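Colleague: Questions regarding the structure given below will be posed in turn.
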Amino acid sequence: MIKQVKSHIKKSVIVLALTACLPACTKEDKFFDLRDTAGIDAAIWDNEGSVQLQLNRVYDVVIPQFPLQLTPDRYGVHVASDENYFASSDEWARAALGIQGALGNNDVRFVGNRYSGNAGDNKYFDIGRCNEAIKNIPLGAMPQATQRTFLGQYYALRAMTYFELVKVYGGVPLILEPQRPESLYMGGRKSAKECFDAILSDLNNAITMLEGFNPGDSDGRGKITKLIATCIKAKVLLYWASPQFNPNNDATRWQTALQANKEAYDASVAAGKKLMSSYADIFRVEGSSNTEAILVRTYSSTIERRGHDGERRSRPSSEGGSPNQFYIATKKMLDAYPMRDGNVRGASTQFAYDDVMFWVNRDPRFEATIAYNGSSWPLSGSNNRRQWTYNTAAGESNGNGVYCKRFTTPGLAAGNVQYTNNFGGSGMDWIELRLAEVMLNYADCMNETGNLTGAKDMVRQIRVRAGIVAGTGSNDYGLGAVTTREQMRTLLLNERMVEFAFENKRNADLRRTRQMHLLTGNLTKIEIQLNSSADKTTLEATTNGVMFRDNLNINDKTTYLRYFKPYVLVTSNQWSAYSVPEFHYFYTFHDDFVNNGANIDPTIGWAGGTFDPLK
């Protein structure tokens, strides 16, 4: 039978027709590595252990990972944005932002491009696992309550997978039943509305079936609950109402999204969720002690194949790191941070902005996120450690004027930073959804339905947690001057950029709000240079084990400029300015799917495109 199915594939039966196949990548779920699903003993659906094993694999391929941990072909297309300098080193990210080359029909492979079950290779295999379980669990002999708990999780995971596909492609093939290997899916791409309806139906099922399911923190952290399904449903409806899918601004969609997001916020509060007191601790505190995290992907530095390399990609070379451009802020990212009273740069009457001393008087989230030249950055157990980013600094990589602090562990020794041989690294959990996002989603909906006061209240709470001060007079944490829906839209998008810095949300936010094609200028970062090469010797001279530079008062402008030049902006003459075509709000399917499938049409705007992603 395996040979027959492989032969069938070679005859160009698209992988969409094979979603019932349950290929495995890990030895733990070989039981499901069967091509002929009719040959699977139906008794497996009677056994809680075997179903849990299969469900674990679905979680593994569906729940988002640390950025860059999973790198399917053309990955840069989906993480490219104006917050990080990643596009400087990834040709597909450059093309996605229009700063070099152009994307073609075969350059976007989010749905997948291989006939295998590896994570990231084909989303329809992930959907196929869910379809099999949703079809067969009710036919098994497990107690009904147990069945419902399993089914609720599968419905939510299927919804999440389709949601990610629809965000990228608009309407997609909508397969909700197991597909036999010998049958070809003929349904083509369904309308975006049909896809959203199916996603919402799955989430409603999940919400109903997961009532009362509260797995413990020790073995249940990361599992889908009713609260998580409720928050995801609210996010789905926010997207359906937003400009990417609602270019004509149908007000009824915003009303529906408002109700769902209010329910998600109220449910979160009722469940005891609240903002962490320290912004810097959001990713560093795990388990029940993290009151803000809602949906997480759990990791471990000591369990085989359950780690990640995020720590090494964030850390400087001097502390065991290999800094990746994804975690290097662009100048636009640095400029996005407001001043200490919440006003944009140059608009505050209380806190002046100095372009040389750009870190002074800023939103405290700047200090919690950005390691600039001479800043405090405890690492490897050294609480008094300072980070130096000037070019030629001892032990550092050249050209990184700033680093990202957010995903680093202060107490982790440099020798334990790298994830290698399936062990090591920090084991820090990835937080895919947290209360601050629920609040800002809700604020977006309130703003679009005329409740500016309510939208401000959500932002105000987040800014108070961040450490922003109320300011003088009617400033109100930088919110006082915001009096229109349009002004609040601008503020909310910027607030998300700052609050979710490097959490891999910026690309989707720009697409959802149809702001990506409005990007202008060049992709730039800052570099710090010495006034003279002789200053390096002075700065790095050591007395009693302490370098001279570590006693400098970098907040004194005269002292700082004695050794360092004002930052310089760095770009490349081989890049053009941002130039994102509007039709890129929806990508097209790879030619393998178009040519080998049935009725799978390219998206309008792309070569041969006839399918309207919004129809």
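Colleague: Suppose we take every Cα in the chain and form the convex hull; what volume per residue is that in Å³? Write out the running numbers ahead of the final one.
Modeller: Details: hull volume 92.9 nm³, N = 615.
So the per-residue hull volume is 151 Å³.
Colleague: For the chain, what proportion of DSSP beta bridges, expressed in % and rounded to the nearest 5, is antiparallel? Could you put the intermediate results ahead of the total?
Modeller: Values: 21 of 23 bridges.
In the chain, DSSP labels about 90 percent of beta bridges as antiparallel.
Colleague: Determine the alpha carbon to alpha carbon distance for each of K193/K274; K190/K505; K167/K274; K273/K331 and list only those over 30 Å.
Modeller: Values: K193/K274 34 Å; K190/K505 26 Å; K167/K274 28 Å; K273/K331 34 Å.
From K193/K274; K190/K505; K167/K274; K273/K331, over 30 Å: K193/K274; K273/K331.
Colleague: Going by how many other beta carbons lie within 10 Å of each one, how would you line up K274, K505, K405, fewest first?
Modeller: Details: K274 13, K505 18, K405 23.
So the ranking, lowest neighbour count to highest, is K274, K505, K405.
Colleague: Let's test the formula: R0 of 30 Å, r as the Cβ-Cβ distance of R305 and I44. What FRET efficiency results, to the nearest 0.05? Mind dumping the intermediate values first?
Modeller: Values: r = 24 Å, r/R0 = 0.79.
FRET efficiency, R305 to I44: 0.80.
Colleague: Around M446, what is the net charge, scoring Lys/Arg as +1 and Asp/Glu as -1 over all other residues with Cβ under 11 Å from its Cβ?
Modeller: Working: positive: K262, K456, R485; negative: D444, E448, D457.
It works out to a net charge of 0.
Colleague: Working only with C-alpha atoms, what are the Rg and Dmax values of region 263-353, expressed in angstrom?
Modeller: Cα radius of gyration and Dmax of region 263-353 are 18.1, 54 Å respectively.
Colleague: Could you tell me the calculated FRET efficiency between L561 and K615, based on Cβ-Cβ distance and R0 = 60 angstrom, to the nearest 0.05?
Modeller: Details: r = 59 Å, r/R0 = 0.98.
With R0 = 60 Å, the Cβ-Cβ based efficiency is 0.50.
Colleague: Could you please state, rounded to a whole Å, how far the C-alpha centre of region 295-311 is from the C-alpha centre of region 380-448?
Modeller: Computed from Cα coordinates, the inter-centre distance equals 15 Å.
Colleague: Also: What aspartates and glutamates does K557 reach when the alpha-carbon gap must be under 13 Å and sequence neighbours fewer than 8 apart in one chain are set aside?
Modeller: Straight-line reach from K557, under 13 Å: D354, D355.
Colleague: From the helices alone, meaning DSSP H stretches of at least four residues, give me the mean residue ellipticity at 222 nm for the chain, per-run term -39500 (n - 2.57), in deg cm²/dmol to the nearest 500.
Modeller: Details: 20 runs with 220 residues, N = 615.
Helices in the chain give a 222 nm mean residue ellipticity of -11000 deg cm²/dmol.
Colleague: Let me ask something else about it. Within 10 Å of each residue's Cβ, count the other Cβ atoms and sort E286, E132, E311 from fewest upward.
Modeller: On the way: E286 17, E132 24, E311 27.
Sorted ascending by nearby Cβ count, the order is E286, E132, E311.
Colleague: If you place +1 on the Cβ of every Lys and Arg and -1 on the Cβ of every Asp and Glu, how big does the dipole about the Cα centre of the chain come out, in debye to the nearest 20? Please report the intermediate quantities before stating the final value.
Modeller: Details: 68 positive and 65 negative charges, 65 e Å.
So the dipole magnitude of the chain works out to roughly 320 debye.
Colleague: Same structure, new question: Note down the net charge around M333, summing +1 for each Lys or Arg and -1 for each Asp or Glu among other residues with Cβ under 10 Å from its Cβ. Intermediate results must be reported in sequence, preceding the final value.
Modeller: Values: positive: K331, K332, R506, K525; negative: D82, E83, D335.
So the surrounding residues net to +1.
Colleague: Also, I was wondering about something else. Taking Cα pairs under 8 Å and at least six residues apart, what relative contact order does the chain come out at, in percent?
Modeller: Working: 1150 pairs, mean separation 108.8, N = 615.
Reported relative contact order: 18 percent.
Colleague: Once each part is reduced to its C-alpha centroid, what is the distance from region 120-167 to region 525-548 in angstrom?
Modeller: 57
Colleague: Mind giving me the nanometre distance, one decimal, between the label points for N384 and A102, set 7 Å out from Cα along Cα→Cβ?
Modeller: 5.9
Colleague: A follow-up question, please. Please give, to one decimal in nm, the separation of the simple spin-label points placed at A413 and D250, each 7 Å out from Cα toward the Cβ.
Modeller: So the two model labels end up 6.0 nm from each other.
Colleague: Here's a follow-up. Specify whether the C-alpha gyration tensor of region 338-490 places it in the rounded, prolate or oblate class, a ≥ b ≥ c being the square roots of the eigenvalues: rounded for a/c under 1.5, otherwise prolate if a/b is larger than b/c and oblate if not.
Modeller: Details: a/c = 2.89, a/b = 1.60, b/c = 1.81.
Here region 338-490 falls in the oblate category.
Colleague: Hey, another quick one. Could you give me the percent of Cα pairs per 10 Å distance bin for region 447-600, shortest bin first, beginning at zero and ending with the bin that holds the maximum distance?
Modeller: 8, 20, 22, 24, 16, 7, 2, 0
Colleague: Same structure, new question: Fewest to most neighbouring Cβ within 10 Å: what's the order for L68, L237?
Modeller: On the way: L68 20, L237 25.
By the 10 Å Cβ count, ascending, the order reads L68, L237.
Colleague: About its Cα centre, how strong a charge dipole does region 210-334 have in debye, to the nearest 20, once Lys and Arg get +1 and Asp and Glu get -1 at the Cβ? Display every interim value, and only then the final one.
Modeller: Working: 18 positive and 13 negative charges, 69 e Å.
Dipole size: approximately 340 debye.
Colleague: Something else about it: Evaluate the distance, in nm, between pseudo-label points positioned 7 Å from the Cα of N551 and of N522 along their respective Cα→Cβ axes.
Modeller: About 4.1 nm, to one decimal.
Colleague: While we're on this one: Based on Cβ point charges of +1 for Lys and Arg and -1 for Asp and Glu, what charge dipole magnitude is obtained for region 446-565 about its Cα centre, in debye rounded to the nearest 20? Before the final figure, lay out the partial values.
Modeller: Numbers: 18 positive and 13 negative charges, 66 e Å.
Dipole about the Cα centre, nearest 20: 320 debye.
Colleague: Kirkwood hydrodynamic radius (Cα pairs, Å) of region 151-283?
Modeller: Result for region 151-283 stands at 16.4 Å.
Colleague: Quick one: which of 430-443, 479-492, 318-331 comes out on top by average Cβ neighbours within 10 Å, and what's the full order, highest first?
Modeller: On the way: 430-443: 23.8, 479-492: 16.4, 318-331: 21.4.
Ranking, from highest mean packing down: 430-443, 318-331, 479-492.
Taken together, the values in this text are just the output of simple stated rules run on the coordinates, not laboratory data. Here the structure is a predicted model, which means the values were calculated and not measured. Ideal geometry is used to build each Cβ from the backbone, glycine not excepted, and the neighbour counts take in all protein chains shown.
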